[in-house]
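Below you'll find the structure, written out as structure tokens, and then a few comments.
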Amino acid sequence: MFRLKVLLILLTVVSVGCGNSVSSFEGQVDKIQDKGFLISCSDAANKGKKGNIDGIGYMCNVRYTEETIFREVNGNLLNADDISLSSTVNVTLEKPVDIRKKYEKKAPFILTAKEIVLITMNNDDSTIGER
């Protein structure tokens, strides 16, 4: 019985420690920067939040490297220059991050993209793969 209690306590600690990390998120490109983008990440920042969710819009600095893969939904490869303002993208991060916790620390942070998938361009409701 003692072992079972210890195991349950350890599982609880591990599951709480995992927090609300995300490995990918979807958002709209708000700004194009040198080697990166400013992307809306409100859904990822509010992931797992209980109760009322503030109407605050969270923005994430996402940088890309030479290893970052750019592609369309249908798999066609792209370049960083093919991503435009107001486009909707799905960003897969190099490693999972708890975005809300990063914001709570009130310290600047930059996320590194492993892959950026273009979903829609310029707020157009058409999906890229349907062109």
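The values are calculated or read from the model by the stated rules, or taken from the named source; none is laboratory data. Owing to the predicted nature of the structure, the values given are computational and were not obtained by experimental measurement. So basically every Cβ, Gly included, is an ideal-geometry build from the backbone, and we count neighbours across all protein chains shown.
How many residues are at pLDDT below 95 and of a type in the set (S, T, N, Q) when one looks only at segment 48-73?
Number of matching residues: 1.
Those residues that are outside any loop (DSSP other than H, G, I, E, B) and among the β-branched types (Val, Ile, Thr), I need them from segment 64-82; list them, please.
Residues of segment 64-82 that are outside any loop (DSSP other than H, G, I, E, B), as a first pass: 69-72, 77, 80-82.
Selection gives ILE69 alone.
What about LEU38, is it more than 22 Å from ALA107 (Cβ to Cβ), at pLDDT 80 or above and either loosely packed, with under 15 Cβ neighbours inside 10 Å or not basic (Lys, Arg) (or both)?
no
Among the residues of segment 1-33, write down those that are modelled with pLDDT of 95 or more and either hydroxyl-bearing (Ser, Thr, Tyr) or exposed (fewer than 10 other Cβ atoms within 10 Å of the Cβ) (or both).
Correct list: SER23, SER24.
Kindly indicate whether TYR103 is within 17 Å of the chain's Cα centre (by Cα), within 20 Å of ILE32 (Cβ to Cβ) and at pLDDT below 95. Outline the logic, then answer.
Details: within 17 Å of the chain's Cα centre (by Cα): yes; within 20 Å of ILE32 (Cβ to Cβ): no; at pLDDT below 95: yes.
No; evaluated as a whole, the condition is false for this residue.
Any idea how many residues of segment 74-94 are surrounded by 15 or more Cβ atoms within 10 Å (Cβ to Cβ), touching a residue at least 40 places away in the same chain (Cβ under 8 Å) and over 19 Å from CYS41 (Cβ atoms)?
1
Got a number for residues in segment 95-113 being in contact (Cβ under 8 Å) with a residue 40 or more places away in the chain, surrounded by 10 or more Cβ atoms within 10 Å (Cβ to Cβ) and outside any strand (DSSP E or B)?
Residues that pass the stated criteria total 6.
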